[in-house]
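The values are calculated or read from the model by the stated rules, or taken from the named source; none is laboratory data. Source: prediction; values computed, not measured. Here Cβ is always computed from backbone atoms with ideal geometry, including for glycine, and neighbour counts include all displayed protein chains.
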Amino acid sequence: MITLRELDDHITYQEQLTRQAAPIVLVNAFHVAPGDGTALVTAWADDAALMKGRPGYISTQLLRGIAGSGSFVNIAVWESAAALRDAFTAPEFQATLSRYPRGTVASPHVFQKVAVPGICLG
């Protein structure tokens, strides 16, 4: 089962999902015991397959820390915070959370690109 831990002390993930923002990037850091990495990937793949079929989904990528790390980061692009909220709160998605390894901690947070002249596009 997953425990959610906020990434930002000033706004919760749930509050972010109520805001009007588009497009958005979900960054979700997962932490598991290093030996639970395979189980996390399996559970995440089930979630990703479900999310891929939801309206507003654009793409996702899972990253893993190197050298035996138990840290993972999911980066998912959505058309809007509302689309992510609808997908995240869907009962079929919520049911998948019990498949994660015991002790999994997730820290989801919603971002938007920032334009920095000469460096990156917004």
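Quick notes on this structure:
- Test: residue in the range 30-39 that is of a type outside the set (D, E, K, R), within 25 Å of Pro55 (Cβ to Cβ) and surrounded by fewer than 18 Cβ atoms within 10 Å (Cβ to Cβ): no
- Arg64 touching a helix residue (DSSP H, G or I) at 6+ places or on another chain (Cβ under 9 Å), closer than 19 Å to Phe30 by Cα, exposed (fewer than 12 other Cβ atoms within 10 Å of the Cβ) and among the charged types (D, E, K, R): no
- Arg54 being outside any strand (DSSP E or B), farther than 14 Å from Val32 by Cα, in contact with a helix residue (DSSP H, G or I) (Cβ under 9 Å, 6 or more places away or on another chain) and among the basic types (Lys, Arg): yes
- When every residue of the range 6-15 is checked against the conditions, none turns out to be in a strand (DSSP E or B) and touching a residue at least 60 places away in the same chain (Cβ under 8 Å).
- Residue match in the range 87-109 (condition: in contact (Cβ under 8 Å) with a residue 60 or more places away in the chain, loosely packed, with under 13 Cβ neighbours inside 10 Å and either touching a Lys or Arg at 6+ places or on another chain (Cβ under 7 Å) or part of a loop (DSSP other than H, G, I, E, B) (or both)): yes
- For the range 65-80, the set of residues classified as of a type in the set (Val, Ile, Thr) and either under 17 Å from Thr104 (Cα atoms) or free of Cβ contacts under 8 Å to residues at least 24 places away in the same chain (or both) consists of Ile66, Val73, listed by residue number.
- Filter result for Ala67 (outside any helix (DSSP H, G or I) and at pLDDT below 95): yes
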